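Below you'll find the structure, written out as structure tokens, and then a few comments.
The values are calculated or read from the model by the stated rules, or taken from the named source; none is laboratory data. These figures come from a predicted structure and were not determined experimentally. Backbone-built Cβ (ideal geometry, glycine too); neighbour counts: all protein chains shown. Just so you know, the surface numbers come from the protein's heavy atoms only, side chains and all, with ligands and any DNA or RNA stripped out. Shrake-Rupley method; radii C 1.70, N 1.55, O 1.52, S 1.80 Å.
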Amino acid sequence: EGRPTKKVKGGFLVDVMGVEGFLPSSLSAFKNIPDKEIMYKAFKFKIVKVNNLRRSIILSRREAVQKEKEFAKDKIWQDLKVGGVSPGTVKAITDFGAFVDLGGVDGLLHITDMSWSKISHPSEIVALGNKIDVVILNLDKESGKISLGLKQRLPDPWQDIEAKYTVGSKLKGKVVNILPYGVFVELEKGIEGLI
């Protein structure tokens, strides 16, 4: 840990436990940050070079930030459990689903796991920037892939379907699709029948 004490040509001088270090601008990661938010504030740095003759050290904030991100990702991976619920933010939408940021790692919410009802596009359920709670369906740390579900947070409408709809009973429904081979009728959200 160190505190920048002076801006000099090509970077900053940094006090690291009483030892003066040099932080080159190229390794500072302070782009677009005002000097008043940098000077005398504590930051973590990585020592990239030590010169005993000159009694000086070269620092990198960029590499320290990268390391912090890796630690944060590892922590998230440790906290995630299959079957658990995690908050996330929708960061991208494609035709096949949505990518959800779980706080540093991304998971895929596939279109088939968004709703018990049939949908034609993920934008019917989610929008960019939406904060949603998702169920962790599968984790593969080696490939970095996480499968997420949204519909799994709601009861499966097909559970105990035989008790709800008995053979021979008369029902009212809503026509939702007409095709050459028949008509699809929605009895309730997620339950469709074919005539």
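Projecting the Cα atoms of Val135, Ile161, Phe184 onto the charge dipole of the chain (Cβ charges, centred on the Cα centre) puts Val135 farthest toward the positive pole.
Summarise the accessible area of the stretch 142-195 (1.4 Å probe, protein heavy atoms) by the percent that is carbon and sulfur. Please report the intermediate quantities before stating the final value.
On the way: 2390 of 4240 Å².
Summing carbon and sulfur atoms, their accessible area is 56 percent of the total for the stretch 142-195.
For the chain, the longest principal axis of the Cα atoms and the long axis of helix 61-79 meet at an angle of about 30 degrees.
If r is the Cβ-Cβ distance from Val183 to Asn130 and R0 is 45 Å, what FRET efficiency results, to the nearest 0.05?
On the way: r = 34 Å, r/R0 = 0.75.
That pair, Val183 with Asn130, gives E of 0.85.
Charge dipole of the chain (Cα centre as origin; +1 on each Lys and Arg Cβ, -1 on each Asp and Glu Cβ, all else neutral): 1240 debye, rounded to the nearest 20.
Starting from 0.36 nm per residue, how many nanometres of slack lie between Arg153 and Gln78 once their C-alpha separation is accounted for? Working shown, then result.
Numbers: separation 75, 0.36 × 75 = 27.00 nm, distance 2.19 nm.
This chain segment gains 24.8 nm when fully extended.
For n ≥ 4 DSSP H runs only, could you compute -39500 (n - 2.57) per run for the chain, divide by its residues and tell me the 222 nm figure to the nearest 500?
Working: 2 runs with 23 residues, N = 195.
Value at 222 nm, helices only: -3500 deg cm²/dmol.
If you filter the stretch 41-129 for chymotrypsin sites (Phe, Trp or Tyr not before Pro), then keep DSSP loop positions with at most 13 other Cβ within 10 Å, what is left? Could the numbers behind the result be given before it?
Numbers: sites: Phe43, Phe45, Phe71, Trp77, Phe96, Phe99, Trp116; in loops: Phe45, Phe96, Trp116.
Listed in order of number, the matching sites are Phe96.
Looking at the chain, the accessible area is 68 square angstrom per residue; that uses a 1.4 Å probe and ignores ligands, DNA and RNA. Of the trypsin sites (Lys or Arg not before Pro) found in the stretch 26-117, the ones in coil according to DSSP and having at most 15 other Cβ atoms within 10 Å of their Cβ are Lys31, Lys41, Lys44, Arg54, Arg55, Lys81.
Multiplying the residue separation of Tyr165 and Arg3 by 0.36 nm and removing their Cα-Cα distance gives an extension gain of 51.3 nm. Assuming charge only on the beta carbon of Lys and Arg (+1) and of Asp and Glu (-1), the dipole of the stretch 88-195 about its Cα centre is about 320 debye to the nearest 20.
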